[in-house]
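Report on the following structure.
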Amino acid sequence: MRRREALRVVANEAVGAYVLLRVERGRIDPGVPGQFFMLEAPGRPLPRPMSLCQAPPGELAFLLEAVGPGTRALCAVEPGDELYVFGPLGNGYRLDIDRPLLVGGGIGVAPFPYLSQQLGGPPALLGFRSGRHAEAAALVPNAEVVVEPTLVTEPLAGLGGYDVLACGPEPMLEAVRELAPRAQLAWEAPMACGYGACFGCSVEIEGVLQRLCVAGPVLEAA
Ligand code: FES
């Protein structure tokens, strides 16, 4: 069940170009991989949606990239600070699959450590824009890593028969959908509430406007 709690920050660790933020778990349910949580930095009322990266005993960990004022504030919190966390929210990945292959790009690898743990360490294909960003691949077991200009869809094109679970930027997801029409894709959208109230995350799916925080963020490619 989703809930909102102030959780104490345990650690703020650099992982290449990203930050792994570890917080006490409190009574928050880690949920299903691919679900997300709204994180509120101290003094910043607008929360940011983040998928869970790791769920070690007693903790929740989120992988963050500082790309704007909200994420910069989250990346700057220090051990001992308190952070409001609300979740789990939305729909995660379906795990009843035979041959999982994780396909991720950039900060889109964020849900994969937890997903990989739940699926028993399946193979992963990860793409990054630089070697420094690619350091995040160390969090994902059994990962093959490519760095731009090589795109993750290049090795993917040579593979068949996998149940693809993908997360990354929209152009990557569109390309993955072409190659793996049955893939499960985790999409991103700006989100203000996270539970269907603000319509800020509306996207057009098959001609119908849907709230991604309720219908997704994980959607079947088909
Ligand atoms: Fe408010 Fe989806 S984030 S409706």
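Under 5 Å between amide hydrogens, built in the peptide plane, is the criterion, and for N91 it picks out G216, V218 among residues at least 5 positions away or on other chains.
Decide, for region 112-222, between rounded, prolate and oblate: order the square roots of the alpha carbon gyration tensor eigenvalues as a ≥ b ≥ c, take rounded if a/c falls under 1.5, and otherwise choose prolate if a/b is larger than b/c, else oblate.
Working: a/c = 1.82, a/b = 1.60, b/c = 1.14.
It is prolate, given that a/c is not under 1.5 and a/b is the larger ratio.
Name the residue farthest towards the positive end of the dipole of the chain from the options V146, A192, F128, assuming +1 on Cβ of Lys and Arg, -1 on Cβ of Asp and Glu, about the Cα centre. About the Cα centre, the residue reaching furthest to the positive side is A192. Residues whose amide H lies under 5 Å from that of L7, counting only those 5 or more places away or on a different chain, are L83, Y84, V85; hydrogens are built 1.01 Å from N in the peptide plane. Applying the criteria of a DSSP loop state and at most 16 other Cβ atoms within 10 Å to the trypsin sites (Lys or Arg not before Pro) of region 98-203 yields R129, R182. In loop segments of region 9-118 as defined by DSSP, the trypsin sites (Lys or Arg not before Pro) with at most 12 further C-beta atoms inside 10 Å of their C-beta are R27. Across the options C167, A221, L39, the greatest Cα extent toward the positive end of the charge dipole of the chain (unit charges at beta carbon of Lys, Arg, Asp, Glu) belongs to L39. Using C-alpha pairs below 8 Å separated by at least 6 residues, the relative contact order for the chain is 20 percent. Looking at region 124-222, the GluC sites (Glu not before Pro) that sit in a DSSP loop and have at most 10 other Cβ atoms within 10 Å of their own Cβ are E206. Multiplying each eigenvalue of the alpha-carbon gyration tensor of the chain by 5 and taking the square root yields semi-axes of 26, 20, 16 Å, largest first, rounded to whole angstroms.
Once the Cα atoms of helix 170-179 and of the chain are each reduced to a long axis, what angle between those two axes, in degrees from 0 to 90 to the nearest 10, is obtained? Between helix and principal axis, roughly 30 degrees. Karplus-derived 3J(HN,Hα) values for region 184-197, using 6.51 cos²θ - 1.76 cosθ + 1.60 with θ = phi - 60°, are 9, 10, 9, 9, 10, 8, x, 10, 9, 10, x, 9, x, 8 Hz; glycine and proline are entered as x.
How do D163, D81 rank when sorted from fewest to most other Cβ atoms within 10 Å of their own Cβ?
Details: D163 19, D81 16.
Result, fewest neighbours first: D81, D163.
Computed about its Cα centre, the charge dipole of the chain is approximately 500 debye, with only Lys, Arg, Asp and Glu carrying charge at their Cβ.
Is there a quick way to get the dipole size of region 51-151? I mean about its Cα centre, with the Cβ of Lys and Arg at +1 and of Asp and Glu at -1; what is the value in debye to the nearest 20? Don't jump to the answer; show the numbers that get you there.
Working: 5 positive and 10 negative charges, 53 e Å.
Once rounded to the nearest 20, the dipole reads 260 debye.
Using the Cα gyration tensor of region 3-88, with a ≥ b ≥ c the square roots of its eigenvalues, what is the shape: rounded (a/c below 1.5), prolate (a/b larger than b/c) or oblate (neither)?
rounded
With helices as the sole contributors, the chain gives -4000 deg cm²/dmol at 222 nm; each DSSP H run of n ≥ 4 counts as -39500 (n - 2.57), and the sum is divided by every residue. Take every Cα pair under 8 Å whose residues are at least 6 apart in sequence, average their separation, divide by the length of region 3-88, and the relative contact order is 41 percent. Residues of the chain were split at every exposed loop site, defined as chymotrypsin sites (Phe, Trp or Tyr not before Pro) in a DSSP loop with at most 15 other C-beta atoms within 10 angstrom, and the longest piece left, sites excluded, is 1-194.
Dipole check for region 3-88: with +1 at the C-beta of Lys and Arg, -1 at the C-beta of Asp and Glu, and the Cα centre as origin, the magnitude is about 200 Debye.
Any read-out appearing in this document is the output of simple, stated calculations on the displayed coordinates, not a laboratory observation. Nothing here was measured: the structure is a model prediction, and the numbers come from that model. Every residue, glycine among them, receives a Cβ derived from its backbone with ideal geometry; neighbour counts consider all protein chains shown.
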